[in-house]
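Below: one structure, written as structure tokens.
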Amino acid sequence: MTLQQLRYVVMIAAKGTLSEAAKSLFITQPSLSEALNSLEGELGITIFRRNNKGMTLTQEGEEFLGYARQVLEQTELIEEKYMNKKPGKREFAVSCQHYSFAVEAFVDLLNNHKEDEYEFHLRETQTFALIQDVSKLRSEIGILYLNKFNETIIQRTLKENNLSFHPLFKATPHVFLGSHSPLANKKKITLEDLAPYPRLSYEQTDRNSFYFSEEILSTRDVKKDLVVTDRATLFNLLIGMDGYTFSTGVISEELNGPNIVSIPLDVDDYMLIGYLTHDKTNLSPLAKEYIECLKAHTEN
């Protein structure tokens, strides 16, 4: 296995076809195909499925691609330090539940690299999807919460996927409301206060287990449920429908505007917010930098 073969795999995954990858690599398609076949034979795995539409990664291929990217990134760092090679395009990805502080930290990271060439990914996604992203090394960092209800199931899932949870902060549950909600002026909100209003939550698709919910008290029965897939829609419905959702209490007026307010929820519960890392890889400098940005936005 060579670094060149790793670069070939990354390019094929990016382009989706052997022909397009070969053009970008300035080699012939038969040469690229031969190099890929040789690598798959050496490793004893199938990295790509071949079909009429092009090349798609197998499950083993997705995992291999994550490791390949890390090896190439570390190689570039060595070349920059000891061979005075010009830095290449920086690559970094994070997957998270829908938290504004994660976006703010991401913005800080971008601002720290204004002069660099980069390809950064921020994926606000479902809980199980973000776990899979970090497990398969599509993202270096994942951000989610634990509490007394979901911790056993989530930690078991993390262990099965070779992941570790690192706490950032412990939050008292809050209610997010539109600023014109009839409840917006309360100093503390009870569950009884919320009964007449629609509850907003994020869809968890085929893993729509209560344990993977982004919101606490997910098993509580309510008369009105609104389920969405993105933060902008959720906030619009908070405002337009006098709805509510449960979260950490950490909200950014700069990012989300002045029309959302956060009020403590009167329950005996907590949200332990933290980030995930893969047990079998070392964090890149960008990942370590992003974690520091996270801490800056979440430390009291």
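The values are calculated or read from the model by the stated rules, or taken from the named source; none is laboratory data. Since the model is a prediction, treat every value here as computed from it, not as a measurement. Quick reminder, even Gly has a Cβ in these numbers, built from the backbone with ideal geometry, and neighbours come from all protein chains shown. Side chains are part of the model used for accessible areas, which takes the heavy atoms of the whole protein and leaves out ligands, DNA and RNA. Shrake-Rupley method; radii C 1.70, N 1.55, O 1.52, S 1.80 Å.
When Y211 is tested against (1) closer than 25 Å to L130 by Cβ; (2) open to solvent by less than 80 Å² (accessible area, probe 1.4 Å); (3) not in a loop (DSSP other than H, G, I, E, B), only condition (2) is not met. Is there a residue being among the small types (G, A, S), in a strand (DSSP E or B) and in contact with a helix residue (DSSP H, G or I) (Cβ under 8 Å, 6 or more places away or on another chain) anywhere in region 132-142? Yes: region 132-142 contains one or more residues that are among the small types (G, A, S), in a strand (DSSP E or B) and in contact with a helix residue (DSSP H, G or I) (Cβ under 8 Å, 6 or more places away or on another chain). Residue-level check: of (1) modelled with pLDDT of 95 or more; (2) out of contact with any Pro (no Cβ under 7 Å at 6 or more places or on another chain); (3) surrounded by fewer than 20 Cβ atoms within 10 Å (Cβ to Cβ), K188 misses just (2).
Selection within region 56-108: residues that are hydroxyl-bearing (S, T, Y) and over 15 Å from the mean Cα position of the chain (by Cα). The member of this set that is modelled with the lowest pLDDT is Y82.
Taking the criterion of being in contact with a Pro (Cβ under 9 Å, 6 or more places away or on another chain), under 16 Å from F101 (Cα atoms) and buried (at least 20 other Cβ atoms within 10 Å of the Cβ), the residues of region 243-265 that qualify are F246, S247, T248.
Restricting S100, S31 to residues that are of a type outside the set (F, W, Y) and under 30 Å from L276 (Cβ atoms) narrows the list to S100. Scanning region 266-295 for residues that are open to solvent by 20 Å² or more (accessible area, probe 1.4 Å) and in a strand (DSSP E or B), which turns out nearest to C96 (Cα to Cα)? That would be Y275. Counting only strands (runs of 3 or more DSSP E) wholly contained in region 1-108, the ones carrying 1 or more residues that are touching a Phe, Trp or Tyr at 6+ places or on another chain (Cβ under 9 Å) and within 27 Å of Q126 (Cβ to Cβ) occupy 54-57, 90-96. The set of residues from region 152-171 being open to solvent by less than 80 Å² (accessible area, probe 1.4 Å) and farther than 13 Å from F210 by Cβ comprises Q155, T157, L158, N161, N162, L163, S164, F165, H166, L168, F169, A171. Condition check for F106 on (1) among the aromatic types (F, W, Y); (2) farther than 23 Å from E292 by Cα; (3) touching a residue at least 60 places away in the same chain (Cβ under 8 Å): one failure, at (2).
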